[in-house]
Structure formats: C-alpha cells, structure tokens
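What follows is calculated from the coordinates using simple rules that are stated; it is not laboratory data. The structure presented is a predicted model; accordingly, all values stated were derived computationally and were not measured. Cβ atoms come from the backbone with ideal geometry, glycine included; neighbour counts cover every protein chain shown.
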Amino acid sequence: MTSSADHPLQTVLLPDGASLAVEIHGEGPPLLLLHGFPLDHSMWVGQLPLARSYQLIMPDQRGFGANSCPAGSQGPASIEQLADDAAALLEGLGVQGPVAVCGLSMGGYVAQHLAVRHPRLVGSLILVDTKLEADTPEARAGRGELAAKVSRLGQEVVARAMIPNLLAAASEDAAHQPPLQAQRRDQCVLELTRMIHACPVATITAALAALGARPDMSQAMRGVACPVLLVVGALDTITPPACLERAAGIFPHARLRIVPDCGHMTPLEAPEIFNAEVEDFLRGVAVDRAAAGVLEGDRLAGAPAVAGRVVAGQPGHPAGQAGHSDPGANPAAGER
Ligand code: MLT
C-alpha cells in the first residue's frame with residue numbers, strides 16, 4: 001500500500017475555474033472521504049487499508065491542503081459550495097451513479113448537503129463526529145471571535161484552541177494509559193498540528209464564517225432515504241454522542257456506532273475499529289443493493305480518471321503515518 005505521503009495528487013477543475021487536489025487509492029467501488037476543519041485529505045491516512053476493497057477518493061476541499069497554493073487559494077464561501085464542489089469532483093472524475101460518502105465533522109456537514117443537493121450521487125452516507133443542527137447564536141459569535149484572533153495572530157491560535165478538544169483526553173495517570181494509545185495520541189497531535197499550521201489564515205476565517213452560517217439540516221435529512229452509518233467517539237466533546245443519537249432518530253435506516261476511548265477524530269484515533277465498522281456497513285449496503293438489483297457507482301478505471309477535467313498531477317504533500325454535551329468544547333464554534 002502506498003503511503004499518503006508518496007502518492008501523487010491529481011487536480012480536478014471545477015466549473016467556476018477553481019481546482020481541487022484529490023488523492024485516489026484502490027480500485028473497488030468509490031468511497032468519497034471528506035475531511036474536517038481546518039484539516040486536509042491526509043487526516044484519512046488510517047483509512048488507506050480500506051483501499052484493498054474500495055476506491056478511496058480523498059479531496060482537499062476548497063482552500064484546504066494543496067488547494068491553498070496561490071493559484072487556488074480561495075476559501076470556502078459556504079458548506080453548500082463545498083457540497084457542489086464534491087459533486088463536481090465526482091462528475092469530473094467520471095464517477096457515474098451513487099457512491100458511498102463519508103464525512104467527518106465539517107466533512108459531515110458537506111456530506112449532508114451533498115445528499116440533499118445531489119441525491120443521485122449518494123448511495124450511502126457515513127457521518128462521523130458531526131451533527132445535523134446549526135450553530136447557536138453563541139457558537140456563531142464564538143467563531144467570529146476566533147476568526148478575528150486568527151487574523152491577528154495566525155494559525156497557532158487555532159491549533160492551541162482546537163487540538164486538546166479534538167482528541168480524547170490522555171489518561172491523567174500515565175501508568176494506566178495503554179502504550180499504544182499514548183503513542184497514537186502523540187502521533188495524532190503531530191498530524192493535527194501539521195495540518196492546522198499548513199492551513200492558510202484566509203481559509204480558516206472563510207471556513208469559520210461558512211460553518212457559522214450553515215443551516216439546521218434536521219428537517220432536510222428526513223428526506224434522505226439511503227442507508228446511513230453514524231459513528232462518534234464516546235469521548236467526543238465537540239459533537240458528543242447525543243448529537244448522533246438525535247440524528248439516528250431522524251434517518252429511517254441508520255446504524256449508530258459509539259467508539260470507546262475516542263474523541264472527535266475517531267478515524268485517526270481508532271482506525272482499525274473505524275475501518276471495520278465502515279467495511280461491515282458497506283458490505284451490508286452492497287448485499288442489499290444487489291438483492292434489489294440496484295447498480296453500484298461506477299469504478300474509476302485507474303487514475304487519472306477523466307481526460308479533460310483532470311488537469312495535472314502533483315507530488316503529495318507530506319503526511320505522516322498512520323457523551324456528554326460540553327457546550328464550551330468547540331473552540332471553532334465557541335459556546336453552543
Ligand atoms: C470540524 O472538526 O470539522 C469542526 O470542529 C466542525 C465545527 O466546528 O463545527
């Protein structure tokens with residue numbers, strides 16, 4: 001398996017002239033992976049083993065990751081725009097028909113809008129450490145304050161405010177921390193720090209405004225009929241299990257998994273458990289679909305996938321190896 005660090009990124013042109021960098025692994029049925037804020041596609045490094053069974057499509061969303069180079073440095077205007085970008089990406093890659101879409105936190109908001117705005121493209125949804133509700137006025141104000149601070153002081157403010165809340169707290173008693181868990185946590189901190197520091201201030205401030213303006217999706221999601229997997233870390237304080245429990249009551253066909261000892265970054269904190277849940281869910285979706293005679297989304301026949309829309313390959317940027325409601329816990333949103 002090629003590590004994310006060595007894998008070439010492709011670039012796909014969007015209808016408005018912006019471009020999206022995307023990393024693609026594997027050749028099975030497509031699985032679109034949408035990263036959280038203010039991260040990039042390399043947060044999915046722990047999911048690379050899934051490329052044995054699926055074609056992983058891992059974009060850097062508008063303004064994030066490799067799109068932060070001067071030619072494509074626009075930040076996101078709205079979550080709806082990011083969903084339209086994801087639809088254009090799938091179409092640009094020549095993916096036909098419904099695919100599995102997985103999004104973490106901000107990526108989960110994008111996945112929800114993708115399912116509502118482009119239902120033809122979404123065969124199943126995996127919503128991870130995310131929520132359906134909009135920000136409270138306090139949360140929105142908190143994002144405004146954070147944006148002002150970041151504009152003055154840079155990304156370090158976000159890294160310092162967010163990282164301790166993104167991961168499950170380390171055990172206070174180091175002797176009782178399983179060694180793998182402690183090591184993995186340190187690695188996660190390094191990865192998150194690298195991604196946040198690489199995210200341009202303009203992207204962070206634009207994304208904070210877009211996150212604060214996103215609508216409540218609870219009503220709209222009642223109309224989403226595809227199979228849904230909801231995954232959340234038991235210790236997630238940003239979007240606690242209660243958020244996903246509420247979501248589970250809304251979807252007609254939802255499976256909810258609460259992963260022990262994880263915070264807001266379940267796929268990074270417990271990749272083996274997360275991947276097993278995803279594989280089990282997608283296997284079930286495929287069996288049901290075959291029984292119903294529904295076609296799978298077309299596989300991409302290797303990369304680059306579609307002549308004309310895929311405009312360039314470029315070297316991957318570095319990537320390493322891979323409840324209870326707490327209203328003040330999301331420094332990206334302030335009080336909720
Ligand atoms: C994320 O992890 O993507 C953000 O915390 C989402 C948010 O701030 O609502």
task: Can you check what the net charge comes to around residue 33, using other residues whose Cβ is under 13 Å from the Cβ of residue 33 (Lys, Arg +1; Asp, Glu -1)?
output: -3
- line: Taking Lys and Arg as +1 and Asp and Glu as -1, residues besides residue 187 with C-beta under 13 Å from its C-beta add up to 0
message: Can you give me the distance in nm between label points at residue 133 and residue 218, each placed 7 Å from the Cα along the Cα-to-Cβ direction?
response: 0.7
task: Assign unit charges at the C-beta atoms only (+1 for Lys and Arg, -1 for Asp and Glu), then state the dipole size of the range 1-160 relative to its Cα centre in Debye, rounded to the nearest 20.
output: 180
- prompt: Using the Cβ atoms and a cut-off under 10 Å, what net charge is assigned to the surroundings of residue 42, where Lys and Arg are +1 and Asp and Glu are -1?
  reply: -3
- request: Return one quarter of the surface area of the convex hull spanned by the alpha-carbon atoms of the range 4-295, equal to its mean projected area, in nm².
  value: 14.7
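Treat the count of other C-beta atoms within 10 Å as a stand-in for reagent exposure and order 251, 37 from fewest to most. All intermediate terms of the calculation are to be shown ahead of the outcome.
Numbers: 251 21, 37 24.
So the ranking, lowest neighbour count to highest, is 251, 37.
Could you put 109, 54 in order, starting from the residue whose Cβ has the fewest other Cβ atoms within 10 Å? Write down the numbers at each step before the final one.
Working: 109 28, 54 23.
Listed from fewest to most nearby Cβ atoms, that is 54, 109.
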task: Arrange the following residues from fewest to most other Cβ atoms within 10 Å of their Cβ: 214, 52.
output: 52, 214
For the range 1-121, the spread of Cα positions along each principal axis, largest first, Å: 35, 32, 26
message: Suppose every Lys and Arg Cβ carries +1 and every Asp and Glu Cβ carries -1, with no other charges. What dipole size does the range 4-295 come out with about its Cα centre, to the nearest 20 debye?
response: 460
